[in-house]
Structures are given as C-alpha cells and as structure tokens.
Amino acid sequence: MQAVVERFENPGLARRSSILGARVGQRWIFRSDSGYLGRQKLTDYSVLWMSAALVVMGVAILIHAGLGLSKSNSPARWPTTYGRIVSVQVIERGYGNETRWFPQITYQYSLQGHTVASTRLSPGPAISWRNRNEANRFLERYIIRSGVLVYYNPNNVTDAVLEPYSGVLEPSTWVGMLIVLFGLGILLIYDRVS
C-alpha cells in the first residue's frame, strides 16, 4: 500500500522505474564489495572504459567530419560569381517499381574570359524526388534566363554547383553517430542485465 501511495504522490518515480527498472540508483552507491554498476569492480571498470572510449572516438569522428565542412574544398566555401539560367526541365526515370524525377538545369557563367556551361546542381549525388510536384516546386527557384549565384572551384573553374550543400550526411558522420550510440548502448545494456 505504501508503494502505491508513493507512486501516486511522485508520478515521476513510477515513470523512471518503468523505464530504467526498479533498481535504478541502487547500483551507483559505492560499496566495498562491488563496483560502480553493482558487479565486480574490474568488470565495471572495463565496461565504463570501453563505453567512454567508444563515445570519445565517435565524438572525435563527428568533430573531424564537421571541420571538413569548413575546409576550402567544400563547395560552400568556394568563391561565387553570377551566372544565368539557360534551360530548366524535369527528367523522369524509372527504377524498378519506382519513378523518380530529376531536375535538369543548364546554366552559364563567365570567368577568366571564358564562358562555361554546366548542369551540376550539388556536390553530392544527383538531386531527385519521388513526387513530380516536389521537383516542380524546387525548379520554381530557377526561372529561365534569370540570374543565379554560382559556386565555382578556384582550382578548376569548370567545376561549379548551384546548391553548395548536398543535404546528404557524409559517411564519416554516420560512422561517428553509430559509434557514439554503440558506446552508450553497451553501457545501457550492461546496466539492464546486471
């Protein structure tokens, strides 16, 4: 009866107990015969160090991937020039049972006395949609013969994009996130089974 009254008076305790288990908080009390998580100290230390190492390694990978965005080889950091749109269309392609729509934008810009034409939109994979209306909404930003800001590679002026951010996470970012989650998961699983 006392437990029911305590749960009624403190609903957060009931929620925390159901999520983390009834023994939550009991394992973290320092005892001479057990480790920090309620098992042998050597096992607890091993799990804590392994989890911490994985989290630190994952965070380091994420920081490195984030710093890669600020490097000069990132299209978002390239110099810009003004160009003009020559043509805009949507190309429909079938992939098995699925149809995808790809925007085809041709634009021109002049640098160093040369006029360059390009159709590259972003640094990543080709931009596409599963819905033609979404592709048309994207293309509304690019009106035929309108001016446009072109990001060009200073080392190769024929390499240019209109959308400097691809919207796709780099593989190193995914790896970093997975390693952090794996490190935290090991700690949570170890805590649950002890």
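Observations on the structure shown:
- Compared with the alpha-carbon gap, the fully stretched path from LEU178 to GLU134 is longer by 12.7 nm at 0.36 nm per residue.
- Charging the Cβ of each Asp and Glu at -1 and of each Lys and Arg at +1, and nothing else, the dipole of region 75-163 about its Cα centre rounds to 100 debye.
- Protection proxy ranking, peptides 92-103, 115-126, average beta carbon neighbours within 10 Å, highest first: 115-126, 92-103
Every number in this text was worked out from the coordinates using simple rules, so none of it is lab data. Bear in mind the structure is a predicted one, so any value in this text is a computation, not a measurement. With ideal geometry, Cβ positions are generated from the backbone for all residues, glycine too; neighbour counts draw on all protein chains shown.
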